[in-house]
Amino acid sequence: MHDHAIREFPNECCGIIIGSATDPSSVEVRPCANIQHELKEKYPHLYQRDADTGYFVDPKELMTIFDEAARKKLDIVGFYHSHPNHEPYWSAEDHRAAMWAGTEEPSFPDAYHIVISIYDGAVKSYSMYMWDAGLKLFTCRESGALPLP
Ligand SMILES: [Zn+2]
């Protein structure tokens, strides 16, 4: 995740974490392509943000990773993306991306979301958010400086 954020800077990186929720050693990171720039070029009236302020996981990659997880009987345990030259806050856009389209239901209520803050190509800090079913909000559960967990 750390290296991926650096590689993609000044654009946002994004990826998926698969594994068994009960076995932390099973966790594997799957970096994904951020196709936000292509979407903005192709559909400027639908996508105003570019890849430096937004991310959109390539749906084909998403399906490949979901298939892999299903085949290996693993869960989608987390998601991550970076905030180039911004703090690792949970944005309104992050909230929207984590929900089923047009609803207030999270698409993966048990998954964690890691936001990585990277300034001038150097990873600075991270925050981890999870869905709080009582508050019906994503709340920060952990944050800190390097190293990433
Ligand atoms: Zn974000």
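Every number here is computed from the coordinates shown, using simple stated rules; none is lab data. Here the structure is a predicted model, which is why all the values come from computation and not from measurement. Neighbour counts are summed over all protein chains in view; Cβ atoms, including those assigned to glycine, are modelled from backbone coordinates with ideal geometry.
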* Asked: On the given criteria, is Asp3 more than 23 Å from Cys140 (Cβ to Cβ), free of Cβ contacts under 8 Å to residues at least 40 places away in the same chain and either assigned to a strand (DSSP E or B) or in contact with a helix residue (DSSP H, G or I) (Cβ under 6 Å, 6 or more places away or on another chain) (or both)?
  -> no
* Asked: Residues Tyr47, Tyr43: which one is among the aromatic types (Phe, Trp, Tyr) and under 24 Å from Asn85 (Cβ atoms)?
  -> Tyr47
* To do: Would you mention how many residues in segment 46-68 are surrounded by 14 or more Cβ atoms within 10 Å (Cβ to Cβ), away from the ligand (no atom under 16 Å from the Cβ) and part of a loop (DSSP other than H, G, I, E, B)?
  => 1
* To do: Could you tell me whether Tyr80 is in contact with a strand residue (DSSP E or B) (Cβ under 7 Å, 6 or more places away or on another chain), within 17 Å of Ala5 (Cβ to Cβ) and aromatic (Phe, Trp, Tyr)?
  => yes
* To do: Consider Ala33 carefully, then state whether it is more than 17 Å from Ser127 (Cβ to Cβ), more than 16 Å from the ligand (Cβ to nearest atom) and touching a residue at least 60 places away in the same chain (Cβ under 8 Å).
  => no
